[in-house]
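What follows is one structure encoded as structure tokens, with my remarks underneath.
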Amino acid sequence: MTSGRNKLIVDYGWLDWMNLFWNYREGMPVCYQFWFIRDLIFVVLFVPVLYYFIKYCKAFAVVLLGGLWLFDLWFDMPGVNIAAFFFFSLGAWFSIYRHDFTTIFLPLRWLATFLYLILMVVGTLLWYYKVSDCSWIYNVGIIVGLLTIVSWVAYNIERNILCVNTFLAGSAFFVYAYHGMPVAFLTKYWVRLCQPASELTMLTGYFLIPLLVTGIGIFCYSLLRKWFPAFTNLIMGGR
């Protein structure tokens, strides 16, 4: 948005304004992290269909959607995302059949960790040798990574090694909703500031910028919750 290559806002028509929220560039809204909310809204329209599909087809329904997502067997249309359908349906399957996913994941934590480390090595080698047609490995890594994180967090909470911080949990959606553009702008200015760029400066920015943006977001959330609680409750959807 700061490159000068985009249409000026004064020249926007109604379709341009609509695309800011739906498909600004490469299938993403202008505030790109909201692709998740956009796709989720679309999936919710199909909740009755998904409910009966999962209820009568059981695990097969989730496996089918998971296979389509895993091997990228889907059409390209912004907002109609197979990832959203799959993960929503996976969560729905746990809910409909009353399975506690943490109980299922917990015994798999060591196996998941081992597999994830292998996938990290394989993914790095594929990147190094410029092999770009193995997206399914990346998708497997997402599943195994989620299983690893959830299982270890559940394990540590169960043993009182970790505890849930209600304030941080409450601020999570606010940080998610605001972080995209600040991260993008700070990344651009960091690259300009650190010329000539080096591996060290880029690695520093990779960790520093998200930490800085997250810290600012948590601070802003704390001020809003303290001084404007009703407004904060409204913009957070009652979270």
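Each value in this text was obtained by applying a stated rule to the coordinates, not by laboratory testing. Every value quoted in this text rests on a predicted model; they were computed, and no experiment measured them. Using ideal geometry, Cβ is built from the backbone for each residue, glycine included, and neighbour counts are taken over all protein chains shown.
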Could you calculate, for segment 82-236, the ratio of the Cα radius of gyration to the Kirkwood radius, expressed as Rg to Rh?
1.02
Going Cα to Cα from Lys188, which lysines come in below 29 Å? Please leave out same-chain ones fewer than 8 positions away.
Lys7, Lys130
FRET efficiency for Thr103 and Leu126 from the Cβ-Cβ distance with R0 = 35 Å, rounded to 0.05, comes out at 0.55
Per residue of segment 91-97, what does 6.51 cos²θ - 1.76 cosθ + 1.60 with θ = phi - 60° give for ³J(HN,Hα)? Whole Hz please, x for Gly and Pro, Karplus curve as stated.
x, 5, 4, 4, 6, 4, 9
Run the quick spin-label model on Val164 and Phe42: label points 7 Å from Cα toward the beta carbon, then report their separation in nm to one decimal.
3.2 nm
Based solely on its DSSP helices, what 222 nm [θ] is calculated for the chain when runs of n ≥ 4 H residues each add -39,500 (n - 2.57) and the sum is averaged over all residues, nearest 500 deg cm²/dmol?
-23000 deg cm²/dmol
For the pair Ile9 and Asp133, the simple spin-label estimate (label points 7 Å beyond Cα toward Cβ) gives in nm 4.4 nm
The alpha-carbon center of segment 79-95 and that of segment 124-180 are separated, in whole Å, by 17 Å
Label Ala230 and Phe71 with points 7 Å out from Cα along Cα→Cβ: what is the distance between them in nm?
5.6 nm
Could you tell me the relative contact order of the chain? Use alpha-carbon pairs under 8 Å, at least six residues apart, and round to a whole percent.
15 percent
Decide, for segment 1-130, between rounded, prolate and oblate: order the square roots of the alpha carbon gyration tensor eigenvalues as a ≥ b ≥ c, take rounded if a/c falls under 1.5, and otherwise choose prolate if a/b is larger than b/c, else oblate.
oblate
Which residue, Thr201, Thr102, Thr187, has the most motion in a Gaussian network model of the chain that connects Cα atoms within less than 10 Å?
Thr201
With the 8 Å Cα cutoff and a minimum separation of six or more residues, segment 150-229 has a relative contact order in percent of 35 percent
Roughly how many Å is it from the Cα centre of segment 97-122 to that of segment 23-64, as a whole number?
24 Å
Arrange the following residues from fewest to most other Cβ atoms within 10 Å of their Cβ: Tyr221, Tyr178.
Tyr178, Tyr221
If one puts a single equal scatterer on every Cα of segment 130-203 and applies the Debye formula without solvent, what log₁₀ I(q)/I(0) results at q = 0.25 Å⁻¹?
-1.00
Kindly identify segment 61-126 as rounded, prolate or oblate by the Cα gyration tensor criterion: order the square roots of the eigenvalues as a ≥ b ≥ c, call it rounded if a/c is under 1.5, otherwise compare a/b with b/c, prolate if a/b is larger, else oblate.
oblate
